[in-house]
Each structure stands twice: as structure tokens, then as C-alpha cells.
1. Taking a label point 7 Å from the Cα of residue 275 along the Cα→Cβ vector, which residues of segment 129-164 have an amide N closer than 16 Å to it?
2. Along the positive direction of the dipole of the chain (beta-carbon charges: Lys, Arg +1; Asp, Glu -1; about the Cα centre), which of 168, 80, 253 reaches farthest?
3. Filter 39/327; 225/279; 3/93 down to the pairs with a C-alpha to C-alpha distance above 22 Å, please.
4. Using 7 Å Cα-to-Cβ label points, what is the residue 264/residue 113 separation (nm, one decimal)?
5. What does DSSP give for the chain in terms of the percent of beta bridges that are antiparallel, rounded to the nearest 5?
6. In Å and whole numbers, how far do the C-alpha atoms of segment 103-159 stretch along each principal axis, longest first?
7. Taking the Cβ of residue 258 as the center, what net charge do the other residues with Cβ under 13 Å away carry, scoring Lys and Arg +1 and Asp and Glu -1?
8. How much length is gained if the chain between residue 2 and residue 26 is pulled fully straight, taking 0.36 nm per residue apart and subtracting their Cα-Cα distance, in nm to one decimal?
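Throughout, read-outs are computed from the coordinates displayed, never taken from laboratory work. Bear in mind that the values here come from a model prediction, so they are computed numbers and not experimental data. Cβ atoms come from the backbone with ideal geometry, glycine included; neighbour counts cover every protein chain shown.
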Amino acid sequence: MKKIGLGVIGINPTNMGSTTSLLAGVPTLNYELRAVCAKRADVLAKYAQELGVTYWTTDYRELVQRQDVDVVAVYSPDHLHAEHCLAAVEANKHVICTKPMVTNLEDAKKLVKAVKEKGVKFLVGQTMRFDLQFLTLQQMFEDEELGELMASEAYYIHDMRPVYDFTPWRLEAPQDLMFGGVVHPVDILRCFSGDVEEVHAYGSKGQLTPDFPLMNNFFLNLKFKNGQIARAMGLYDVVHPPIPMMQVILYGSKGTVRADFTDNEEGSVEVVLDKIPLKQPFKMACPPETDTSVYGHGQTVIRYMSHFQECLESNLEPSPNVVDGAKSVAVGVAAWESIRTGKPVKVFNEFPD
């Protein structure tokens, strides 16, 4: 089978882009890393040699034009995603972009339009969707074990101070954590409940990172078009509490389930089913998925790269796709407006399907 030529924009030994180095060791994957791009030539030249990649560049425009590159994976800082993704799409490349897809509504609209016009495939690398715990949650939901979903909640909590040490761009840009963080719980809630109709949000600035200029702790109340309600929480300037990093709870008419995840640590799925008289949870322990990447998301990246490969080979639509990414960004835009006005705000969802 012909190899799928892969080019990576924004790769270094300490970021999510480094997980692409794990793909060559998976027999079922057909990717071949052929080109890499990053800002610092000194670091990139050495890392490309370690990866065995003969072509490297500091100019993403050169990478996306290469004939031997079929898929461009974007792992650059959040505020550069739109620029890099649009360049790849305009060059008729299929694209995988780590979350968040973009950081404003106008860029989301442009990217959806470009992907539709070019007819390329686009996957948002939402790792949370591909963690074992949440894949289990998805299977239970699709098998209707939980019945009709009535409400849900999700959070992503992360003391960001250690992360700033090896990704200083997050302070310098600075990273907007409504998109770089809260998009995680928003996306996972959307995959169960569909479009968010309205958001009421509060935000504050923590006291642990004085150099960070933006609000970095958030609470969102969500109302979906189907009438379901949910809440999403993202706290990024806190001393990490004695709870998992990520959690999703689904409240269904036949049962309630909770799934937990923490980087490089054991997770769990617990469910209480109404049909069982003894209302005690069934618990499934999920072993830690460790790998050579600093974040410990290598296995989830392998899963979404496998999904994307299947979409390429069988002409399927990736999930989450460019519209999913845009709608999650639109929730964040509405949340910022709600914080500014103190009122509930309608979410823009009028992207072409």
C-alpha cells in the first residue's frame, strides 16, 4: 500500500508534535514522516536527524508545497493554527490540527469555507475523545446503556505553571485558555449533546501566575439546542486539587456514568445502572498510557491518526471534523462575550455542513 506522506508543522522534543515519532512503530499505520517544520533551526536540525527525516525547514509555506507530503499535521502554538491550517488546505493537503482548531470566530469561518471548497479532509486532534475512558463512555452512550441523556458535566483542570517552563510561548503570546483549555470539556460535551445554543459564563484571573495577563479560570453553563443542559469547568491557575485532571459525567434516564483521566496515571470509568437494584457503581480501571512524549498522549494520537487513515482510505468524514472544531470555538467566543456582558449569549452555529 502506498505510504501516506506526513509533514509536521511545529515539532520539537517537548511538544505534542513529538508524538508523531511514535507512528512508525505501529504496524497498522501507513504514515511516513517526510518533512518537519519549526521556528528554531538549531533545535530542529538536530531533532530531524534523530527522527531520521531528511527534509526540515523553518518556513511552513515550503513544507505545505512539497509533493511528497499528503497530510499536514499542525502542532504549532494556538494563535498560529489558522495561518498554518489555511496554507495547508489551500495547497490541497489533508490536515490534522491539534486543539484548539483556531482562536476566533472569523478564522473558524474561513477554515470551514476553505476545507469545503478544496474537498480535503480535516481532523481536530481532540485527544480527550480518543482516551480509553472516553471511548468507553462513547460506546455505552451509543449502545443506549444510559438511556436518554438528560444532563452532563465535564472539566479540565491543570496547574499550568510547570507547562510554562517548557512552552514559554503560552506566557508570551499569551495563550487564550478559553480555547487552549476549555475547548476540551466543551468538545466532549458536544459529541454527546450536539450544538450548544446558549452559554452563560464566568471567568477570573488566578493569583499564582502574575505574568499571565488574561483570565485563566472559567465556569460555563451550557444549554443545547435539544434542550439538554451541562456545565463545563476549566481551571488553569490553581494548585492542582486532589481530583483527576479531566472528568466527564453523563446523567441518563437508565444510568449515570463518570470517566476520569490524568496524564500518565491510571484512570477509571464508573457507572450506576438503574436496572440493577443495588445502586453501587461498577468500576473499570484504565491502566496509565505512558510513552516517550512529555504529555503522555502518544497512544491517543496513534488512535486519532488511525481514525484519520481509515477516513483517507475509505473516504469517510473525520470526527471531530472542521465544523466540530469551529462550533467548539464558537462556544468559547460566546463564553467570552458572556463574561464581558454578564448575560447569557447565543452561540453561532451557522457553519455549512
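1. Counting backbone N atoms under 16 Å from the label point, the list is 140-149.
2. Comparing the listed Cα positions along the dipole, 80 ranks first.
3. On the way: 39/327 30 Å; 225/279 31 Å; 3/93 15 Å.
The pairs that break the limit, which is 22 Å between Cα atoms, are 39/327; 225/279.
4. Taking the simple label geometry, residue 264 and residue 113 are separated by 4.4 nm.
5. Working: 41 of 69 bridges.
Looking only at bridges with both residues in the chain, the antiparallel portion is about 60 percent.
6. Per principal axis, max minus min of the Cα coordinates gives 39, 34, 23 Å.
7. Values: positive: 283; negative: 153, 260, 270.
Net charge in that neighbourhood comes out at -2.
8. Value of the extension gain: 7.1 nm.
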